[in-house]
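A short worksheet on the structure shown next.
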Amino acid sequence: MESEVNDIGNAQTGLCATQTPIMEVKDLVVEFTQRHAQNLRAVNRASFNLYPGKTLALVGESGSGKSSVIKALGRLIKVNSGGIILNGKPIKGRWHMLDYRQQVQLVFQDPFASLNPVYTVYHHLARPLLLHGQANKSNVRSKVEELLEKVKLTPASEIADKHPHELSGGQRQRVAIARAIAPKPKILLADEPVSMLDVSIRLEILNLLDELREKENLAILYVTHDLATARHFSSSMIVMYKGTIVESGNTDVMILNPHHPYTQLLANSSPKKSVAKEQLVKERDERLRTKKGVDVKIMQFKTNGCSFISRCLYAKEVCMTPPPEFTINADSTRVKCWLYQDE
């Protein structure tokens, strides 16, 4: 299993085997208890690596388990099974949790909800600086202003005394990013950090994160449902559907030549309209209605088969059995699909 996880890491980043990941996630499982129902498995044996100075995009539609992965790695929710290895050491127990939280920080989707409206910007940034020993009482004010200047919030002295409601959405997200980098982390977990912002400033925030990644040698896990920003911002990508990673590899390769039927669906879901695309959509819908060889009703309720079977254009009888292990394609991408087993 260890060699398989390393292969996934090498395929997703194009790195040689001698480069060491800062974080290894192995067979991560997250389940939620449901009243009067079977436990909901939000993350199903997810494995990937994060490398210093690299951005990995985690892509999928709403409900695919992306945020559950982020919260599990941020230790905000319980991990049912699987391992998290940081700097070569497995994370077990609570005795070194302060060190883990110093090295792994989160940037949430909604900057207004993640900042306490009662306190000033200074309060939000001073606390992590003091807690993790990055400042003392005599120089904390200057350290706060340095952080604000690092995320391009000026004049820093004025911004520090403002409350979150006095800032724009983009400014609040910059404050959230400043708070995340205050402890000098090695890993940044960004949970759709631009989806709540105006389109005009999304690129600015992404460029800021990319600049911090390069300057601070950060490993970034960037969660998004937008393939356009994933291609702009990340060098490698993993695609998740209903808690399972179905494809991983180089971002450009996967977007231009997607293999898994779900990745193909994501790549073809751009809002552009054309006669050819409308015809393609009609043909797809017709094929879904008249699938040959597999009963659609059976597919929808077959729980141990491929989770994408009811939406897949290429479903066949074997897809009603558990999906195979990853297949390595000629372009070094990895895909979990029966279509590629013969190849």
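The values are calculated or read from the model by the stated rules, or taken from the named source; none is laboratory data. In this text the structure is predicted, and so the values were computed from the model without any measurement. Because the Cβ atoms are built from the backbone with ideal geometry, glycine has one as well, and the counts that use them run over all protein chains shown. Only protein heavy atoms, including side chains, enter the accessible area calculation; ligands, DNA and RNA are left aside. Shrake-Rupley method; radii C 1.70, N 1.55, O 1.52, S 1.80 Å.
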(request) Read phi for every residue in the range 48-57 and hand back ³J(HN,Hα) as whole Hz from Karplus 6.51 cos²θ - 1.76 cosθ + 1.60, θ = phi - 60°, with x for Gly and Pro. (result) 6, 10, 10, 10, x, x, 10, 10, 10, 8
(request) Might you work out the accessible area of Leu153 for me, using a 1.4 Å probe with all protein chains in place, and round it to the nearest 10 Å²? (result) 10 Å²
(request) Compute the length gained on full extension between Asn136 and Asn257: take 0.36 nm times their separation in residues and subtract their Cα-Cα distance, giving the result in nm to one decimal. (result) 38.4 nm
(request) At 1.4 Å probe size, with no ligands or nucleic acids counted, give the accessible surface of Ser310 in Å², nearest ten. (result) 40 Å²
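Going by average Cβ neighbours within 10 Å, how do the peptides 19-28, 168-177 rank, with the highest at the top?
Going from most to least packed, we get 168-177, 19-28.
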(message) Between the range 26-104 and the range 166-231, how far is it from one alpha carbon centroid to the other, in angstrom?
(response) 20 Å
(message) Quick check on my link table: of Lys242/Lys336; Lys66/Lys150; Lys26/Lys186, which ones sit more than 22 Å apart, alpha carbon to alpha carbon?
(response) Lys66/Lys150
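Quick check on the range 86-237: of the DSSP beta bridges with both residues there, what percent are antiparallel, nearest 5%?
Among the beta bridges of the range 86-237, antiparallel pairing accounts for roughly 10 percent.
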